[in-house]
Amino acid sequence: MATTTTQAMDPARAPAAPDSATESRPYYLEIFLVSVVGLLLEISYTRVVSFKLFYYFTYLVIGLALLGLGAGGVLVAISKSVRRASSDAVLAWTLSIGSGIIAVGYIVIAVARVNTADIWLYNSNSWSNAGMVLLFCVLLFASFVPIGVVLSTLFGRRPSGIGRLYFFDLTGAAIACAVAVPLMASVGPPTVIMASAVAMGLAGLRIALRVNRAVQVLAVFAVVLTAASLLSPRLLPDVKVDVGKAPPVLGVGKPLYSSWSAVFRVDVRNWVGNRAVFHDGLLGSTMLHWNGKMSSLAQFQFPQSFVSLPFAALPPAPQNELIIGAAAGHETVASIYFKAHHIDAVELNPVTYKLVTDTMADYDGHLASKPGVHYVNADGRSYLARTDKHYQLIWYPAPDSYSATNASSASAYVLSESYLYTTNAVGDSLDHLAPGGVLVNQFGDPGVGTKSTRTARYVATARKALSQLGVRDAKQHIMVTLTTTPSGIFPPLTTTYVSRTPFTSTQVAAMQNAVHRVPHTSVLYSPAGDNDLSAFNTLINGSNSSVSSYRNAYPYSVGATSDDKPFFFHFSSFGTQLHNFTHPIQGNSFESGVGERVLMLLLAFAVILSAIFLLLPFVAIRKTWKALPRKGRSALYFCAIGFGFMLFEVTLIQKLVLFLGYPTYSLTVTLCSLLIFVGLGSLLSSRFQPRGPTTPVVLAIIAGITAYYLWGLGPTTNALLDLAIGFRVVIAFLLVAPLGLSLGLFMPLGVRAVAGLSPHEQEYVAWAWALNGFASVVASVLGTMLAMTYGFHTVLVVALIAYCIAVLTLRTLSGTKAPLPAG
């Protein structure tokens with residue numbers, strides 16, 4: 001890199017930032033741009049990785065992004081050449097190299113083949129597949145290091161203006177949140193990634209024109225490489241999915257139709273005379289080839305299909321029906337066959353919704369336009385909360401997906417678990433049943449023949465929801481059936497019936513007749529006592545103490561879930577998986593603890609790599625490192641605010657999903673508000689002193705806000721659910737704003753405090769930046785593990801405690817700058 005200073009320096013001292021006219025530039029545009037690029041990359045890669053691998057691997061993106069940012073800060077701290085170079089030189093080289101890294105990284109990640117299920121078999125294939133995942137990690141990590149270098153360089157050289165720089169940083173991130181979803185929906189995450197590379201390359205070229213010929217050539221090459229792949233679709237490879245995602249019988253080769261969305265990617269393939277719709281590479285639904293005529297519905301043989309089972313306990317022609325998770329319309333067509341008068345079919349994914357209503361409407365007989373059919377693009381829970389209708393049938397036809405159905409939440413550091421199977425959801429559904437109405441849920445449950453997971457947990461959740469509604473004895477209110485497929489391609493499917501009133505003998509008999517009519521179907525539990533599995537007898541009929549004892553002895557966690565702990569598919573505890581970590585997992589089973597092992601592995605990965613990239617490099621400048629005062633207290637401070645901020649962010653996004661009616665809205669509105677007001681808070685921080693009376697007052701405000709989020713946010717949002725979406729967006733934005741404004745004070749105050757402790761300002765700021773990134777990495781994983789184990793209310797309390805620690809620590813950081821050591 002070009003340098004602008006030739007002053008001889010003591011090896012024990014850090015080289016000072018160059019002193020030239022160029023250093024007076026504020027670089028607000030560059031700060032803003034790299035923040036936009038960084039968050040766009042992170043959000044886009046969560047979608048790419050969820051499609052290519054599985055949803056729980058999105059933590060690799062989140063953790064590695066934060067770790068890359070921190071490592072960039074450490075690189076600045078230990079590299080004399082970086083610190084001696086002009087800001088123009090650092091930015092020109094870093095942005096140009098970063099552009100190329102992003103482009104090459106995406107191409108390799110997209111085309112490489114991997115089978116992640118083999119990793120946990122601990123056989124000869126495990127090492128090669130683990131090595132491939134490690135390669136993905138290196139490429140993802142490398143994509144974010146240049147962003148960390150740029151931010152740390154500019155923050156470190158301008159500590160007095162940190163509030164304004166931090167404002168542009170967070171404003172860029174906020175705008176990226178706002179545009180990420182529409183960008184991914186319109187052009188797809190791969191294009192967004194390559195566009196980010198082009199933007200970074202152009203920014204590097206703009207600055208390179210002020211530096212030298214070498215970096216100008218590199219910048220031009222980076223722009224040409226990235227722009228060519230962006231402009232020519234053939235040069236931008238599509239993402240190849242995990243080998244273990246779907247059986248080959250479900251289709252190979254190029255799909256008939258593909259489209260990305262913020263919920264999941266949709267692919268459509270021909271299959272057995274109809275069309276299979278894949279969600280993030282997993283089979284999600286079937287689109288029936290129908291001409292729209294009632295006379296042709298007999299071809300689908302609905303009376304012999306599992307889709308007939310929900311109608312067994314209903315009158316011959318149900319008046320009102322609600323389908324939550326209508327997908328590509330298979331169940332809606334069946335409902336038309338069984339003469340439902342009015343059908344509200346709710347589908348979350350806008351791409352799937354458009355398939356039915358527009359893109360492939362000719363194929364499905366214009367299903368959404370049929371009399372009595374009301375197809376809705378919305379979140380099921382929010383739709384249910386806003387409607388005043390009552391239904392004879394509320395049907396959940398396996399609307400869950402192991403893809404990132406809450407892609408927004410995935411990019412906000414929470415597992416993509418479903419809020420459709422909590423006690424709150426079951427209670428809301430039962431409240432919307434007409435007299436004699438039935439709530440029906442259907443699951444694929446791979447272990448139901450031996451050790452049920454999904455159905456057992458749903459039965460436990462339904463029992464608790466009934467109890468909360470005043471039903472003391474659930475045995476007359478639940479029925480369960482099992483349907484198997486002889487081919488074994490698909491897992492066994494269970495159908496669970498729940499009613500607020502006891503099932504009549506007529507309803508029980510009708511269900512039994514349906515079971516005899518549908519091939520390979522049997523009764524697992526009914527009030528008549530014809531039950532094949534004792535598990536359901538105990539979970540439904542047993543006393544509270546016997547149920548508790550049974551669950552404690554059960555090999556999986558199958559207790560009831562709530563909106564505070566919505567991790568329905570978290571069947572194996574972290575303690576169990578830690579104990580069994582060396583034992584292979586046989587088969588591609590999602591219930592066997594793969595997700596838990598990935599989280600634990602990532603937590604270890606974050607700690608180890610953080611030590612390597614954030615602590616070990618300081619050996620290179622150990623004399624300067626020793627000269628930094630109060631390192632322990634500064635570490636505690638910056639780790640506390642990084643950890644606390646991430647926990648607040650995770651919880652707020654979760655809590656606003658139901659209110660905004662769409663997971664993507666929750667991400668964009670919450671993060672947009674949080675980041676904008678954190679930026680405004682950083683601007684205001686210049687008016688306050690770290691040891692002044694302001695921070696305890698701000699902490700008291702944060703405590704009050706936290707108390708409101710714990711006990712007041714739910715009642716507030718529930719009371720306002722009837723408002724139009726535009727009003728709800730504004731209200732959510734304002735609900736988050738006070739917290740963001742308060743939290744925004746702490747990073748600038750801390751940076752100013754430590755910068756005043758030592759002449760080694762850049763090194764200390766880089767140290768602070770790296771520690772904050774390290775804590776954010778850990779919090780992105782550990783916070784989710786806390787929520788899975790104890791609930792989101794606990795996470796909020798822990799976040800508040802973290803800021804209490806930060807305030808107490810900050811008051812000990814300010815002081816007089818120590819002189820450089822002699823010599």
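The values are calculated or read from the model by the stated rules, or taken from the named source; none is laboratory data. Note that the structure is predicted; figures quoted are calculated from it, not measured. Methodologically, a virtual Cβ is constructed for each residue, glycine included, from the backbone with ideal geometry; neighbour enumeration extends over all protein chains shown. For the accessible areas, the whole protein counts, side chains as well, though only heavy atoms, and no ligand, DNA or RNA atoms are used. Shrake-Rupley method; radii C 1.70, N 1.55, O 1.52, S 1.80 Å.
The table below gives the values:
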{"read-out": "Potential extension, HIS390-THR485 segment - 0.36 nm per residue separation minus Cα distance", "value": "30.8 nm"}
{"read-out": "P(r) of region 285-375 over all Cα-Cα pairs, binned every 5 Å from zero, in whole percent", "value": "3, 14, 28, 27, 19, 7, 1"}
{"read-out": "Cα shape, region 434-528, gyration tensor, a/c 1.5 rule", "value": "oblate"}
{"read-out": "Cβ-Cβ FRET estimate between THR359 and GLN299, R0 fixed at 30 Å, reported to 0.05", "value": "0.85"}
{"read-out": "The chain: angle of helix 746-755 to the longest principal axis, Cα-based, in degrees nearest 10", "value": "30 degrees"}
{"read-out": "Simple spin-label estimate for ASN580 and VAL179 in nanometres, 7 Å along Cα-Cβ", "value": "4.7 nm"}
{"read-out": "Farthest positive-ward along the chain dipole, Cα basis, beta-carbon charges - from LEU745, LEU723, ALA755", "value": "ALA755"}
{"read-out": "Local net charge near MET287, Cβ-Cβ under 11 Å (Lys/Arg +1, Asp/Glu -1)", "value": "+1"}
{"read-out": "Ordering of 31-37, 370-376 by packing [mean C-beta count within 10 Å, highest first]", "value": "31-37, 370-376"}
{"read-out": "Local electrostatic count at SER673 - Lys and Arg +1, Asp and Glu -1, tallied over other residues with Cβ under 15 Å", "value": "+1"}
{"read-out": "Carbon + sulfur, % of accessible area of region 270-314 - ligands and nucleic acids excluded, 1.4 Å", "value": "51 percent"}
{"read-out": "Principal-axis tilt of helix 58-78 within the chain, Cα atoms, nearest 10 degrees", "value": "0 degrees"}
{"read-out": "Qualifying chymotrypsin sites (Phe, Trp or Tyr not before Pro) in region 136-196, DSSP loop, other Cβ atoms within 10 Å at most 16", "value": "none"}
{"read-out": "Over region 166-245, relative contact order from alpha-carbon pairs under 8 Å, at least 6 apart, %", "value": "26 percent"}
{"read-out": "Residue-averaged [θ]222 nm for the chain, counting only DSSP H segments that reach four residues, each worth -39500 (n - 2.57)", "value": "-17500 deg cm²/dmol"}
{"read-out": "Centroid-to-centroid separation of region 543-587 and region 704-759 [C-alpha atoms, Å]", "value": "34 Å"}
{"read-out": "The chain: antiparallel DSSP beta bridges as a percent of all, rounded to 5", "value": "60 percent"}
{"read-out": "Nonlocal amide H pairs with ARG265, under 5 Å, H built at 1.01 Å", "value": "ASP280"}
{"read-out": "Cα centre as origin, Lys/Arg/Asp/Glu Cβ charges: the chain dipole, Debye", "value": "1980 debye"}
{"read-out": "Centroid-to-centroid separation of region 475-505 and region 330-351 [C-alpha atoms, Å]", "value": "20 Å"}
{"read-out": "Computed E for ASP473/LEU235 - FRET, C-beta separation, R0 60 angstrom, nearest 0.05", "value": "0.40"}
{"read-out": "Label-point gap, in nm, between ALA553 and VAL187 - each point 7 angstrom along Cα→Cβ", "value": "6.1 nm"}
{"read-out": "Cα gyration tensor, region 418-459 - rounded (a/c under 1.5), prolate or oblate", "value": "prolate"}
{"read-out": "Relative packing of 329-335, 118-124, which averages over residues the other C-beta atoms within 10 Å, highest first", "value": "329-335, 118-124"}
{"read-out": "Farthest toward positive dipole pole in region 217-373 [+1 Lys/Arg, -1 Asp/Glu at C-beta], among HIS366, LEU256, ALA298", "value": "LEU256"}
{"read-out": "Sum of side-chain charges, VAL376 neighbourhood, beta-carbon under 9 Å (Lys, Arg +1; Asp, Glu -1)", "value": "-2"}
{"read-out": "Using alpha-carbon coordinates, inclination of helix 87-111 to the longest axis of the chain, degrees", "value": "30 degrees"}
{"read-out": "1.4 Å probe accessible area per residue over the chain, in Å²", "value": "36 Å²"}
{"read-out": "Cα shape, region 117-188, gyration tensor, a/c 1.5 rule", "value": "oblate"}
{"read-out": "Linear extension gain, VAL607 paired with VAL220, 0.36 nm per residue minus alpha-carbon span", "value": "135.6 nm"}
{"read-out": "Candidate values (i) 25.5, 88; (ii) 27.8, 90; (iii) 28.2, 96, label of the one derived for Rg and Dmax of the Cα atoms in Å", "value": "(iii)"}
